[in-house]
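Structure, as structure tokens:
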Amino acid sequence: MKNSSITNLKLTTLALAVSLGLSGCFLEGDKGSDGIDGIDGADGAQGPIGPEGQDGGQGEQGPSGDSAGKLTRIATVPDGAEVTGIFLTDEGDLFFNVQHPSNANTATTDINPMPINTGTVGVLSGVNFNRLPSTLIDSPVPASQQERETVVSAYGQYQVLGQTGDTFEGMLSEGLGHIYTLDKQSLILENDMPDFNGFVSTGEGEGYLFSNWEELPGGMSRMKVEKDAQGMWEVTEAMMIDFSSVWGTAANCFGSMTPWNTPLTSEEWVVDTNVNSTTDADWNDPNEIANNSRLGRMWAMTAPDAPNPYNYGYIAEVKEAISDTPQVVKHLAMGRYEHENATVMPDGKTVYLSQDDTGGVFFKFIADNAEDLSAGTLYGAKLEQDPGQNDPATTGFNVTWVEIASGDNATIRAWIDEYNGIGSDDYVEGASSYITMADVQAWANGDTTYPSEENGGGAVTAGDPMDDRVAFLESRAAAKMKGATAEWRKLEGISINHDRAKEAVEGVDLIEGELVTNAYLYMGIADIDNTMTDGEGDIQLSARVKDCGGVYRARLGENYNISRIEPVVMGSTYRSSLTGAERCDVDNLSQPDNVIVMNDGRILIGEDGFQENNTLWMYQPASN
């Protein structure tokens, strides 16, 4: 097994905290001669009281006292890579991935005898992240070539669990992250883009680790992992989840674990998309198939059959996740668009979903029944920006929810099947075999029939009675026409802490200590530019932060509703006159991607930015 030798290595001892203290200074007045008795009268205002007040300021050195919050660099990843797949288990194990590192990296470490020069899934071994102190040390900004080509961390040591192509001594014949045709006969892609991690525990120090592989086509791996007494891990089983029953999958990006402990994987399926158009006009264009490598691979995956574009772009749930044959269900009722991830609230019904695109929508889905995502109602967020404000660091938004439509997987599946069998020979320049903007507009207008092809309608539905298919198959366009705000730019990971949320909303005491009364959903925004800074529509921010990005949060109210979104921490001022990593300050955020909320209210943030070595940050909010 590739990683078997790793498990015999022992961790070096690490310091887990640096204690900071301030001592007060007691000023004692000079005892002068008898001639200055008048000054003795000032002894009543003597120094001890004033300076002792400064001593009280010692508490401000702790995370909670910092009025602006505090960023701590937990780790950096190798050249060329972004931080993905942050996942913290109940036992305090922190998994994260190194996505698309430079293939020129050659450095190794004692714990990892292989270079990190391809997609890598790993863990910070030997440390319990649920027991970190309140005062933290920073991992250094990499200086040497060795540091730039490896994972450098302030706590624990990064242990590689698996890399693109690993077979684990024959346990995984297909190779980790390798994507095949639906019939398993031909390798399409050696995917080096591991993203989301989710973990299902099967006992103390063991469980199944699920990892997304983000490309077109995409996939998900499952590794059984076990930890020894020194905190080192071993992979004992490995498989790639079979998505052939749902016609494969596309660009599996971030994800989450449901409250009932099943993984949700998100299809960020982008081939060609625009905020002012539907997404599939060129899907069967022979020139696009030949010249767009991603689209070409999607066609190759299903060959000789033509792929149906409406089979992709959803949240998929992996049921019976730790059985020999996991079952995959795509939840069509949650809408079709470039999903970054979906986060289910503790009620098992309310789901918030992010669209990672230019001109994206922040969605909400409310299921008809708890722990069943197959049917429900889809909503889009309508934003109202704070008046007189445009700086990203201080400007928030009030939120109302626009109902788009209600639906269920079975009904939507029947609509999707109407588009089966459309091949490249059906392509007509200037027309579309699929849903068009004219179709969406007719639906939004309340028309009783779809427009004809002569009036811009799609060939499949031309002249047919109107239905709600556009709401679920072209959800962004439908939401925009219903009045939702379609102006987010790279709305990335969204996250809650389940126990904190349940305490705050339902009053259930789950976390040791004081009862949590306010809990938040956190949202990473990689770029605050383009449709967020164009001076039009509902979002009209300045371009000061621009591509450095930032993190927002929304307080969870009654029934887990969100009515307000506010900035929490932003990247530094974007310096457009500079190039490379200098555009965003290395000691501040640079294009935050995924976020995770810890039990104590601190958040972990993974970067996908300009830095030579992107950072895994921990942020202590000014208030939790």
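None of the figures in this text is laboratory data; all of them are computed from the coordinates on show. Nothing here was measured: the structure is a model prediction, and the numbers come from that model. Note that each Cβ is placed from the backbone with ideal geometry, even for glycine, and that neighbours are counted across all protein chains shown.
A few comments on the model shown:
- Once the C-beta distance of Arg131 and Asp305 is scaled by a Förster radius of 41 Å, the resulting FRET efficiency is 0.20 to the nearest 0.05.
- Calculated FRET value between Arg575 and Glu204, using beta carbons and R₀ = 60 Å, to 0.05: 0.80
- Each principal axis of the range 356-428 carries a Cα extent, and these read 53, 40, 17 Å when sorted largest first.
- Computed over the chain, relative contact order equals 12 percent, with contacts defined as Cα pairs under 8 Å that lie 6+ residues apart.
- Rounded FRET efficiency, nearest 0.05, which uses the C-beta distance separating Glu91 from Arg555 and R0 of 30 Å: 0.55
- Length gained on full extension, Gln145 to Ser102: 14.2 nm, using 0.36 nm per residue less the C-alpha separation.
- Taking other C-beta atoms within 10 Å as the exposure proxy, Phe362, Phe243, Phe199 rank Phe199, Phe243, Phe362 from fewest upward.
- The label-point distance for Val508 and Asp242, in a model that sets each label 7 Å from Cα toward Cβ, rounds to 3.5 nm.
- For Met345, Met334, order by how many other beta-carbon atoms lie within 10 Å, fewest first: Met345, Met334
- Approximate spin-label separation Ser424-Arg564, in nm, with each point projected 7 Å along Cα-to-Cβ: 5.5
- The residues Tyr522, Tyr155, when put in order of fewest to most other Cβ atoms within 10 Å, stand as Tyr155, Tyr522.
- Contact order, relative form, for the range 311-364: 26 percent (alpha carbon pairs under 8 Å, 6 or more residues apart, mean separation divided by residue count).
- Net charge of the neighbourhood of Ser406, taken over other residues with C-beta under 10 Å away and scored Lys/Arg +1, Asp/Glu -1, is -4.
- Surrounding net charge for Asp499, when Lys and Arg each add one and Asp and Glu each subtract one, Cβ distance under 13 Å: -4
- Cut-off 13 Å (backbone N to label point 7 Å along Cα→Cβ of Lys319), residues of the range 252-269: 262-263
- In summary, the aspartates and glutamates within cross-link reach of Lys349, defined as a Cα separation below 15 angstrom excluding same-chain residues under 8 places away, comprise Glu317, Asp368, Glu371, Asp372, Asp408, Glu506, Glu558.
- Convex hull (Cα only) mean projected area of the range 390-467, reported in nm² to one decimal: 8.8
- Proximal charge balance of Gly423 [Cβ under 13 Å; K/R count +1, D/E count -1]: -4
- The chain: radius of gyration over Cα atoms, expressed as a fraction of 2.2 N^0.38 Å: 1.05
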